[in-house]
Amino acid sequence: EVQLLESGGGLVQPGGSLRLSCAASGFTFSSYAMSWVRQAPGKGLEWVSGISGTDDRIYYADSVKGRFTISRDNSKNTLYVQMNSLRAEDTAVYYCAKCSGGTCYFPFDYWGQGTLVTVSS
Amino acid sequence: DIVMTQSPDSLAVSLGERATINCKSSQSVLYSSNNKNYLTWYQQKPGQPPKLLIYWASTRESGVPDRFSGSGSGTDFTLTISSLQAEDVAVYYCQQYYTPPCTFGQGTKLEIK
């Protein structure tokens, strides 16, 4: 059974940093691209970043480019996103999503339950 | 970036009736080399993560009831629920994965009339 478990969310002040993790199980992690998708309270879905299975291809939304860094450790079956210079508009539930293929050119077939990041003073 | 626009923003349909949600992309998401439309539909119920319903514009994910169907090509797509059930109340999103950033539509809230 595929499982994705996000952690690391919480309350952080504007300008602060946070690192989210997503522990994956139930599939061969290194064979699949992964992404982070966020959802601000009461709003729609926003794709944030994606990384290929072999981490040779990385993509970011313009809204986070230069502030967020996605990475993965295939030996630990874990996806990360390092979030720096956080802003109030980064407040959202952050979902980890598994792509159904090795690159980011596939749909998301599994999602985690999400972790809430709140940026506020 | 490819902009995805859904219509309507909300929809109320009677139980057993047909529900239709439209999605338009600002540029084609049809990849000519494999003739596939890089378009997917997700269902999100309150307090839950999204669930994959349809991919490649018209392929139903395993386990998804056959009352859900997807159609369209190029820039115009449709999600149809042939006979609305109470458990279909949710927000539905289209998304393109033709090119990053993999943009979503704004969502369509489906309710029972």
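The numbers here are math on the coordinates, done by the rules we state, and not lab data. Small disclaimer: the values here were computed from a predicted structure and weren't measured. Here the Cβ positions follow ideal geometry from the backbone for every residue, glycine too, while neighbour counts run over all protein chains shown.
Restricting things to Cα coordinates, could you compute the convex hull volume per residue of the range B:15-110 in Å³?
On the way: hull volume 9.2 nm³, N = 96.
Here the figure is 95 Å³ per residue.
When only alpha-carbon atoms count, how far does the range A:6-121 stretch along each of its three principal axes, as whole angstroms with the largest first?
Taking the Cα atoms of the range A:6-121, the three principal extents are 40, 25, 24 Å.
Can you pick out the pairs among A:LYS76/B:LYS24; B:LYS24/B:LYS113; A:LYS65/B:LYS109; A:LYS76/B:LYS109 whose Cα atoms lie more than 32 Å from each other? Intermediate results must be reported in sequence, preceding the final value.
Working: A:LYS76/B:LYS24 39 Å; B:LYS24/B:LYS113 25 Å; A:LYS65/B:LYS109 30 Å; A:LYS76/B:LYS109 38 Å.
Cα-Cα > 32 Å for A:LYS76/B:LYS24; A:LYS76/B:LYS109; rest within.
Taking the Cβ-Cβ separation of A:ASN84 and B:THR80 as r and a Förster radius of 30 Å, what is the calculated FRET efficiency to the nearest 0.05?
After rounding, the FRET efficiency stands at 0.10.
Using 1/(1 + (r/R0)^6) with R0 = 30 angstrom and r between the beta carbons of A:ARG57 and A:GLN113, what's the FRET efficiency to the nearest 0.05?
According to the calculation, E is roughly 0.70.
Could you tell me, in Å, what Rg and Dmax come out for the Cα atoms of the range B:18-58?
Considering the range B:18-58 through its Cα atoms, Rg and Dmax are 12.6, 39 Å.
Summarise the partner chain shielding of B:88-100 as one whole number: the mean count of Cβ atoms from other chains within 10 Å of each residue's Cβ. Working shown, then result.
Details: counts 0, 0, 0, 2, 0, 2, 0, 5, 2, 12, 1, 3, 12.
Per-residue shielding by partner chains comes out at 3.
Along the range A:85-92, what does the Karplus equation 6.51 cos²θ - 1.76 cosθ + 1.60 (θ = phi - 60°) give for ³J(HN,Hα), rounded to whole Hz, x for Gly and Pro?
6, 5, 10, 4, 6, 8, 4, 5
Treating the beta-carbon of each Lys and Arg as +1 and of each Asp and Glu as -1, no other charges, what is the dipole magnitude of the protein assembly as shown about its Cα centre, to the nearest 20 debye? Spell out each step's value before the answer.
Working: 19 positive and 19 negative charges, 30 e Å.
Dipole magnitude for the protein assembly as shown comes out near 140 debye.
Express the C-alpha Rg of the protein assembly as shown as a ratio against the empirical globular expectation 2.2 N^0.38 Å, rounded to two decimals.
Details: Rg = 17.4 Å, N = 234, 2.2 N^0.38 = 17.5 Å.
In units of the 2.2 N^0.38 Å rule of thumb, it is 0.99.
Can you list the HN-Hα couplings for the range B:4-17, worked out from phi with the Karplus curve (6.51, -1.76, 1.60; θ = phi - 60°), rounded to whole Hz and with x for Gly and Pro?
Result, rounded to whole Hz: 9, 10, 9, 8, x, 6, 8, 8, 10, 10, 6, 4, x, 8.
Restricting to Cα pairs below 8 Å that are 6+ residues apart, what does the relative contact order work out to for chain B? Please round to a whole percent. Walk me through the numbers before you get to the answer.
Details: 288 pairs, mean separation 42.7, N = 113.
For chain B, the relative contact order is 38 percent.
Provide, as a two-decimal number, the C-alpha radius of gyration of the range A:1-54 over 2.2 N^0.38 Å, N being how many residues it has.
That ratio works out to 1.34.
With each label point set 7 Å from Cα along the Cα-Cβ vector, what nm distance links B:ILE112 and B:VAL3?
Between B:ILE112 and B:VAL3, the simple spin-label model gives 3.7 nm.
Suppose R0 equals 30 Å. What FRET efficiency, 1/(1 + (r/R0)^6) with r the Cβ-Cβ distance, do A:SER71 and B:THR20 give to the nearest 0.05?
Values: r = 41 Å, r/R0 = 1.37.
E between A:SER71 and B:THR20, to the nearest 0.05, is 0.15.
Using a cut-off of 15 Å between alpha-carbon atoms, which aspartates and glutamates can reach A:LYS43, once sequence neighbours fewer than 8 places away in the same chain are excluded?
Cross-link targets: A:GLU89, A:ASP90, B:ASP9.
Summing +1 for each Lys or Arg and -1 for each Asp or Glu, what net charge is found among the other residues whose Cβ lies under 10 Å from the Cβ of B:ILE81?
The answer is 0.
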